[in-house]
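Here is the structure we will look at, set down as C-alpha coordinates.
The values are calculated or read from the model by the stated rules, or taken from the named source; none is laboratory data. Remember, it's a predicted structure, so these values are computed and weren't measured experimentally. Cβ placement follows ideal geometry from the backbone for every residue including glycine, while neighbour counts extend to all protein chains displayed. With ligands, DNA and RNA removed, areas are computed over all heavy atoms of the protein, side chains included. Shrake-Rupley method; radii C 1.70, N 1.55, O 1.52, S 1.80 Å.
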Amino acid sequence: MSLQKMRRWAMVGVLGVVATTFHPLPAIAQAELTRKAKTKVMPPYPELARRMNITGTVKVMVVVSPNGSLKDTKVVGGNPILVNAAMDALKKWKFEPADGESSGTVEFKFQPQD
(Lines give C-alpha, C1' and ligand atoms only; values in the text may rest on other atoms or scores of the structure.)
Protein backbone atom coordinates (compact mmCIF):
# COMPACT_ATOMS: atom_id res chain seq x y z
CA MET A 1 0.00 0.00 0.00
CA SER A 2 1.36 3.40 -0.92
CA LEU A 3 2.04 6.12 1.61
CA GLN A 4 -0.77 8.25 0.13
CA LYS A 5 -3.35 5.46 0.59
CA MET A 6 -2.19 4.88 4.16
CA ARG A 7 -2.64 8.57 4.91
CA ARG A 8 -6.17 8.49 3.48
CA TRP A 9 -7.11 5.49 5.65
CA ALA A 10 -5.61 7.14 8.69
CA MET A 11 -7.63 10.30 7.99
CA VAL A 12 -10.83 8.23 7.61
CA GLY A 13 -10.13 6.62 10.98
CA VAL A 14 -9.48 9.96 12.66
CA LEU A 15 -12.65 11.46 11.18
CA GLY A 16 -14.65 8.46 12.40
CA VAL A 17 -13.36 8.91 15.94
CA VAL A 18 -14.03 12.66 15.86
CA ALA A 19 -17.56 12.15 14.53
CA THR A 20 -18.49 9.71 17.30
CA THR A 21 -16.80 11.82 19.96
CA PHE A 22 -18.56 15.07 19.11
CA HIS A 23 -21.91 13.59 18.14
CA PRO A 24 -22.88 11.36 21.08
CA LEU A 25 -26.12 9.43 21.13
CA PRO A 26 -28.84 10.78 23.44
CA ALA A 27 -28.64 9.45 26.98
CA ILE A 28 -32.42 8.97 27.22
CA ALA A 29 -34.31 6.87 24.73
CA GLN A 30 -37.15 8.68 23.03
CA ALA A 31 -39.99 6.33 23.90
CA GLU A 32 -43.62 7.34 23.81
CA LEU A 33 -44.92 8.48 27.19
CA THR A 34 -46.95 5.68 28.78
CA ARG A 35 -48.30 7.70 31.72
CA LYS A 36 -52.01 8.43 31.33
CA ALA A 37 -52.96 12.06 30.90
CA LYS A 38 -55.97 13.27 32.92
CA THR A 39 -56.18 16.56 31.03
CA LYS A 40 -55.02 17.03 27.43
CA VAL A 41 -55.18 20.40 25.70
CA MET A 42 -54.75 20.28 21.95
CA PRO A 43 -52.82 23.18 20.41
CA PRO A 44 -54.54 25.47 17.93
CA TYR A 45 -53.11 25.51 14.42
CA PRO A 46 -51.10 28.79 14.30
CA GLU A 47 -52.45 31.38 11.87
CA LEU A 48 -48.95 32.09 10.50
CA ALA A 49 -48.49 28.38 9.78
CA ARG A 50 -51.86 28.32 8.02
CA ARG A 51 -50.91 31.29 5.82
CA MET A 52 -47.53 29.75 5.00
CA ASN A 53 -49.07 26.27 4.49
CA ILE A 54 -46.76 24.73 7.10
CA THR A 55 -47.61 21.27 8.39
CA GLY A 56 -45.63 18.87 10.51
CA THR A 57 -45.08 17.17 13.84
CA VAL A 58 -43.62 18.62 17.01
CA LYS A 59 -41.93 16.12 19.32
CA VAL A 60 -41.32 17.03 22.96
CA MET A 61 -39.42 14.98 25.54
CA VAL A 62 -41.22 15.33 28.87
CA VAL A 63 -40.52 14.38 32.46
CA VAL A 64 -43.63 14.03 34.62
CA SER A 65 -43.29 14.35 38.41
CA PRO A 66 -44.95 11.83 40.76
CA ASN A 67 -47.86 14.23 41.44
CA GLY A 68 -48.73 14.37 37.72
CA SER A 69 -47.40 17.81 36.79
CA LEU A 70 -44.76 18.46 34.16
CA LYS A 71 -41.30 18.68 35.67
CA ASP A 72 -39.24 19.24 32.51
CA THR A 73 -39.72 19.55 28.77
CA LYS A 74 -37.34 19.61 25.82
CA VAL A 75 -38.27 20.06 22.18
CA VAL A 76 -36.63 17.32 20.14
CA GLY A 77 -38.15 18.09 16.73
CA GLY A 78 -40.50 20.29 14.82
CA ASN A 79 -40.89 23.53 12.92
CA PRO A 80 -40.24 26.54 15.20
CA ILE A 81 -43.50 28.17 14.07
CA LEU A 82 -45.40 25.14 15.39
CA VAL A 83 -43.34 24.62 18.56
CA ASN A 84 -44.76 27.57 20.52
CA ALA A 85 -48.35 26.38 20.08
CA ALA A 86 -47.40 22.84 21.10
CA MET A 87 -45.51 24.00 24.20
CA ASP A 88 -48.32 26.32 25.31
CA ALA A 89 -50.81 23.44 25.08
CA LEU A 90 -48.47 20.94 26.78
CA LYS A 91 -48.03 23.23 29.80
CA LYS A 92 -51.77 22.76 30.49
CA TRP A 93 -51.59 18.95 30.53
CA LYS A 94 -52.09 17.08 33.81
CA PHE A 95 -51.19 13.42 34.35
CA GLU A 96 -52.31 10.67 36.71
CA PRO A 97 -50.26 10.48 39.95
CA ALA A 98 -47.66 7.71 40.19
CA ASP A 99 -45.00 6.41 42.57
CA GLY A 100 -42.13 7.97 40.60
CA GLU A 101 -41.19 10.15 37.68
CA SER A 102 -42.06 9.17 34.13
CA SER A 103 -40.42 10.31 30.92
CA GLY A 104 -41.08 9.92 27.23
CA THR A 105 -42.08 11.84 24.14
CA VAL A 106 -45.32 13.54 23.25
CA GLU A 107 -46.11 14.31 19.61
CA PHE A 108 -48.39 16.99 18.21
CA LYS A 109 -49.37 16.71 14.54
CA PHE A 110 -50.26 19.97 12.83
CA GLN A 111 -52.35 19.96 9.66
CA PRO A 112 -54.77 22.62 8.48
CA GLN A 113 -58.46 21.82 8.81
CA ASP A 114 -60.34 22.75 5.64
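Taking a point 7 Å from the Cα of T39 along the Cα-to-Cβ direction, the residues of the range 92-112 with backbone N closer than 17 Å to it are 92-98.
Stretching the chain fully between S65 and Q111 yields a gain of 13.5 nm (0.36 nm per residue, less the alpha carbon separation). Ranked by solvent-accessible area (1.4 Å probe, protein heavy atoms only, all chains present), the residues M42, M87 order from largest to smallest as M42, M87.
Couplings 3J(HN,Hα) of the range 63-79, computed from phi: 10, 9, 6, x, 7, x, 8, 6, 9, 8, 9, 8, 6, 10, x, x, 5 Hz, in residue order, whole Hz [Karplus 6.51 cos²θ - 1.76 cosθ + 1.60, θ = phi - 60°; x for Gly and Pro].
Evaluated with a Cβ-only charge set (Lys, Arg +1; Asp, Glu -1), the range 43-114 carries a dipole of roughly 220 debye about its Cα centre, given to the nearest 20. With a simple spin-label model that places each label point 7 Å from the Cα along the Cα-to-Cβ direction, the separation between E101 and V76 comes to 1.5 nm. Close amide-amide hydrogen proximity is noted between G77 and K59, each under 5 Å apart and 5 or more residues distant or on a separate chain (H modeled in the peptide plane; Pro and chain starts excluded).
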